[in-house]
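Data block below; observations after.
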Amino acid sequence: MDVGLKRELEEKVRAGERLTREDGIALYASDDLAWLGGLAHEVRTRKNGDVVHFNVNRHLNMTNVCTASCAYCSFQRKPGEKDAYTMRIEEAVRLAKAMEGENLTELHIVNGLHPTLPWRYYPRSLSALKEALPQVSLKAFTATEIHHFETISGLSASEILDELIEAGLESLTGGGAEIFDWEVRQHIVDHHTHWEDWSRIHRLAHEKGLKTPATMLYGHIEEPRHRVDHVLRLRELQDETGGFQVFIPLRYQHDFVDMKDGKVRNKLQARTTMATGAEALKTFAVSRLLFDNVPHVKVFWVMHGVQTAQLALQHGADDMDGSVVEYKITHDADNYGTPNKLGRDDLLDLIRDAGFRPVERNTRYEIIREYPGPDADRREAPQPMRV
């Protein structure tokens, strides 16, 4: 990158001036990851100090039966397939109760778009889960699922959200976003929820007082300009509603272990490679710099691997997600032995090892407990990047 442009971008960031589309594309073109990470780290430090947030959560997928066959997805199954499943509500409650240990604060629920389950299954599920786990926040359903509920119920998204909130919903999930630009989206998505409906549903959720996450699936067939466009659409919606709490870049996954029946459901597998660690860190840094009006950037360690997740904390991220025990939608993110689960103590160790101070939060980013940071008396104690 030209030295003059570098200086100009530094001055804009340090003055709090909003970056443009052209700025975002220029940042992605830079090969100076140390400079880029340092600039993003300045912003994350200004917003969140030396804190890294985490929560104690579990994931529950009540059905993997789905009408869609999105090109990147290996989770979905069609009715009648050998490992297709749909839980009875009582089964979902039993599984959730079994996850209750370690002072669980959040249950994260995402499902396939089931062709025959009645709409009432969903609010009844939430009501039963909330009754069984009254202290646990229910973070449930993508905008794609809410759009699907409109189709199967005949109700509007507003009416659906009202019923789900009454049943215990505290936040939507951020999924279904993938990449919004149609140039890419038409090749990777096999459902009818695109930017117009995704944004409409999150706007409605924000109007009703819900705070929601936003995501971006990167590292497949998109180009940096599509990532920039994706973030700027979200930034504009955030200007309007202020309802996004966190942005979550999600690294596209190859199928390391999800071909038990011999079928390769990931249609992108043959012509894509996963983003490298360096590309992941660049994506976090540019996202933090562009998305100036969202308070948090989260690195989902399951999809990035533990070491890349720790490095992302030096490149703009300030949240390590949660103490996941089982995550069915993606698996080993880096093929280097990413663990299947991390508990509270594991996360505390990882955050301190990266040089930060752990803070446990709830779904709404309210602080539950603050923990000591790294031992400052140890000469070898890690420290956050200096800013």
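A 1.4 Å probe run over the chain, with the rest of the protein chains in place, finds 41 Å² accessible per residue. Projected onto planes of every orientation and averaged, the convex hull of the alpha-carbon atoms in the chain covers 18.6 nm². Within the shell defined by Cβ-Cβ distances under 9 Å, the residues around ALA167 carry a net charge of 0, with Lys and Arg each +1 and Asp and Glu each -1. When all protein chains stay in place and ligands, DNA and RNA are ignored, the 1.4 Å accessible-area order of THR193, THR67, largest first, is THR67, THR193. Each of the GluC sites (Glu not before Pro) that DSSP puts in a loop and that has at most 16 other Cβ atoms within 10 Å breaks the chain; the longest unbroken stretch is 103-325.
Translational diffusion of segment 151-273, estimated by Stokes-Einstein from the Kirkwood radius over alpha carbon pairs at 37 °C in a medium of 0.692 mPa s, is 205 µm² per second.
Of the heavy-atom accessible surface of the chain (probe 1.4 angstrom), what whole percent is carbon and sulfur? Summing carbon and sulfur atoms, their accessible area is 49 percent of the total for the chain. Look at the alpha carbon pairs under 8 Å that are at least 6 residues apart: their mean separation over the length of the chain gives a relative contact order of 21 percent. Absence of a disulfide-compatible partner, taken as no other cysteine beta carbon within less than 4.7 angstrom, is noted in the chain for CYS66. Dipole of the chain computed with +1 at Lys/Arg Cβ and -1 at Asp/Glu Cβ about the Cα centre; of SER30, GLY154, PRO115, farthest Cα towards the positive end is PRO115.
Solvent exposure of LYS97, expressed as accessible area, is near 90 Å², computed with a probe of 1.4 Å over the protein chains only.
Nothing charged except the Cβ atoms of Lys and Arg (+1) and of Asp and Glu (-1): what's the magnitude of the dipole of the chain about its Cα centre? Round to the nearest 20 debye.
The dipole of the chain has a size of about 400 debye.
Only Cα pairs under 8 Å and at least 6 apart count here; give the relative contact order of segment 146-282 as a rounded whole percent.
Numbers: 146 pairs, mean separation 32.4, N = 137.
Relative CO of segment 146-282 lands at 24 percent.
What does the charge count near LYS298 come to, summing +1 for each Lys or Arg and -1 for each Asp or Glu among other residues with Cβ under 10 Å from its Cβ?
On the way: positive: none; negative: ASP318, ASP319, ASP321.
With Lys, Arg at +1 and Asp, Glu at -1, the net is -3.
Normalised by 2.2 N^0.38 Å, where N counts its residues, the alpha-carbon radius of gyration of segment 108-197 equals 1.13.
Helix check for the chain. Which DSSP H runs span at least 18 Å along their own axis by Cα, with a mean Kyte-Doolittle hydropathy no less than 0.0?
Span-like helices, by this rule, are 277-290.
Only Lys, Arg, Asp and Glu carry charge here, each on its Cβ (+1 for the first two, -1 for the last two); on that basis segment 1-84 has a dipole of about 540 debye about its Cα centre.
The residues neighbouring GLU222, those whose beta-carbon lies less than 14 Å from its own, together hold a net charge of +1 under the Lys/Arg +1, Asp/Glu -1 convention. Summary of the geometry: segment 173-245 and segment 88-151, compared by the centres of their Cα atoms, lie 22 Å apart.
The values are calculated or read from the model by the stated rules, or taken from the named source; none is laboratory data. The structure displayed is predicted, hence computed values, not measured ones. Neighbour counts run over all protein chains shown; Cβ positions are idealised from the backbone, glycine included. Keep in mind that these areas ignore ligands, DNA and RNA; they rest on the heavy atoms of the full protein, side chains included. Shrake-Rupley method; radii C 1.70, N 1.55, O 1.52, S 1.80 Å.
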